[in-house]
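Each remark here refers to the structure printed beneath this line.
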Amino acid sequence: MDLITIIINVFNGEKYIKKCLDSIINQTYKNLEILIINDGSTDNTLKKCEKYKDKRIRIITTKNQGLSLSRNIGIDNSKGKYLYFIDADDYIELDTIEYLYNLIKKYNAKITTCKNIDTNNYDKTIKNKKEKIEVLNKKEMLKKVLITTNREVAIWNKLIKKELFENLRFEDRPINDIAFTYKLTLKTNKIINSNQIKYMHVNNCESISNKRLNDETREIDRYKACIERYEYIRKKYPELIENDIVLIQIISRLYSKNNQRIKEYLIENDALKKYKKIFSLKKIKKCKLKKMTKIKLILFRISPTLHNIIVKKCLNLK
C-alpha cells in the first residue's frame, strides 16, 4: 500500500477541526500521513490538534500566510506518493481514500475525483446512486473543470499523484482553484471521475472563504484568473467552446453585481469588448447549459443594462 498524504490547511478552526480530523484518522485506508498546516491560528486550533496522539499526524505551525502558500507548505513537506487536500471545516466518508486509491490502481491513472455534496451541518446522510465511472482525457476533464457546477474545479475532492506537482504550486492570490486546477489537469492524459459522494463541503458562515465571498478584491482576482485561464487554454485547444462560454459567464455575472469598483475595473480592461468578441450564438446552443443560463447570456449581449434589471427583478421575486 502506497503512502498517501492528506493535507489539512487550517486557520482558527477550533470549532470544526475535530469532525474533519475524526473523518481522516478513521479512514479504512490506514497508510496515511496526516499533515496539518496550522496557518497562524490565534484560537485553540493547535491545542485541539495536539490532543490527537495518532503517530501519523504531523503539525506544521507557520505565521498566517493564507490558503495558497499554506497549501504549498503542505506539498513541500509531504512524504506520500499521492496527495489529498481537505479544508478544515469539511469532512469525508470513512472509505474515501481507499475508494479513490483503488480507482487509481484499477485504471492506472494519476488523478481520481469523486462527487461532493454541500451541507449546512455535520450529520449529513449520504445516499449514493449506482456507481458510474468516467475515464476522461485531459480535454474532457477540462470541459468539466470549466463549465460544470459539480466542483470539478475544486482541488479538495481529488486524489492526485504527487509527481504532478513538480514545477507546479499554488499562487499567492485570493483565488486558488480557478487559477490552478486546469494546469494540473493538463499534466496528465487520464482522469477517473466517479459519481459517488465522498466529500462533504460544509457551508460554514464563519470560514475565511465565506467571509471573503463578496470581497471586491477577490472578485476582481476571479476575473483575472479566468482571463489567464482562458488565454492559456485557448493556445492549446482553440476549438474548446466551453473555454469561451465560461469567460462570458463570469463577465456577465460580475456586471450583475452592481459594484462600482468591479464595474470600473471591467470597463478599464475592456471586458464588454471581450464579451462581444467571444460571444457566439452557435457556441451557446452547442454548449451544455441550462436554458435560463443561455437566455441570460443572450440578453447580456443585447443590453447589459436590461440584463441587470431583469436579473435583479427575478431575484427579488424569489
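The values are calculated or read from the model by the stated rules, or taken from the named source; none is laboratory data. Just so you know, these numbers come straight off a predicted model, no measurement behind them. Cβ atoms come from the backbone with ideal geometry, glycine included; neighbour counts cover every protein chain shown.
Among the residues of the range 93-120, what is the count of those that are part of a helix (DSSP H, G or I) and charged (D, E, K, R)?
So in the range 93-120, the residues part of a helix (DSSP H, G or I) come out as 96-107.
Next, only the ones that are charged (D, E, K, R) stay: 98, 105-106.
Residues that pass the stated criteria total 3.
Here is a check on your reading of the model: is D39 closer than 20 Å to A154 by Cβ, surrounded by 19 or more Cβ atoms within 10 Å (Cβ to Cβ) and at pLDDT below 95?
Criteria not met by D39.
Which residue out of I233, I302, I278, I241 is under 17 Å from I178 (Cβ atoms) and among the hydrophobic types (A, V, I, L, M, F, W, C)?
Every option except I233 fails the conditions.
Give the number of residues within the range 24-45 that are in contact with a helix residue (DSSP H, G or I) (Cβ under 8 Å, 6 or more places away or on another chain) and either closer than 20 Å to R71 by Cβ or among the aromatic types (F, W, Y) (or both).
9
This table checks each residue for (1) surrounded by fewer than 13 Cβ atoms within 10 Å (Cβ to Cβ); (2) of a type in the set (K, R); (3) at pLDDT 95 or above; (4) within 30 Å of S41 (Cβ to Cβ).
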| site | (1), (2), (3), (4) |
| --- | --- |
| H201 | no, no, no, yes |
| S207 | no, no, no, yes |
| Y230 | no, no, yes, no |
| D244 | no, no, yes, no |
| N258 | yes, no, no, no |
| L306 | yes, no, no, no |
| K318 | yes, yes, no, no |
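Among the numbered criteria (1) within 30 Å of G80 (Cα to Cα); (2) buried (at least 19 other Cβ atoms within 10 Å of the Cβ), which one does K187 miss?
(2)
Please state which one of T28, T45 is farther than 27 Å from F180 by Cα, of a type in the set (S, T, Y) and surrounded by fewer than 17 Cβ atoms within 10 Å (Cβ to Cβ).
On inspection, the qualifying residue turns out to be T28.
For the range 1-74, give me every one of the strands (runs of 3 or more DSSP E) that falls completely inside it and has 1 or more residues that are without any contact (Cβ under 8 Å) to a residue 40 or more places away in the chain.
Answer list for the range 1-74: 32-39, 57-62.
So how many residues does the range 260-275 have that are closer than 16 Å to Y230 by Cα and exposed (fewer than 11 other Cβ atoms within 10 Å of the Cβ)?
Qualifying residue count, the range 260-275: 1.
May I ask you to verify whether R151 is farther than 21 Å from N203 by Cβ, part of a loop (DSSP other than H, G, I, E, B) and under 16 Å from the mean Cα position of the chain (by Cα)?
Working: farther than 21 Å from N203 by Cβ: no; part of a loop (DSSP other than H, G, I, E, B): yes; under 16 Å from the mean Cα position of the chain (by Cα): yes.
Criteria not met by R151.
Specify which of the listed residues (L83, L100) is touching a Cys at 6+ places or on another chain (Cβ under 7 Å) and either β-branched (V, I, T) or touching a residue at least 12 places away in the same chain (Cβ under 8 Å) (or both).
Values: L83 fails: touching a Cys at 6+ places or on another chain (Cβ under 7 Å).
After applying the criteria, what remains is L100.
Look at Y84 and say whether it is modelled with pLDDT of 95 or more and either over 26 Å from Y237 (Cβ atoms) or in a loop (DSSP other than H, G, I, E, B) (or both).
Yes.
Surrounded by fewer than 18 Cβ atoms within 10 Å (Cβ to Cβ), in contact (Cβ under 8 Å) with a residue 12 or more places away in the chain and not β-branched (V, I, T): which single residue out of L254, L281 fits that description?
Values: L254 fails: surrounded by fewer than 18 Cβ atoms within 10 Å (Cβ to Cβ).
Matching residue, one of L254, L281: L281.
List the pairs whose first member sits in the range 116-144 and is closer than 18 Å to V246 by Cβ and not assigned by TED's automatic domain parsing to the domain that holds K286, whose second member is of a type in the set (D, E, K, R) and not in a helix (DSSP H, G or I), and whose Cβ atoms are under 6 Å apart, counting only residues at least 6 apart or on separate chains?
Partner pairs satisfying both residue conditions: K144/E152.
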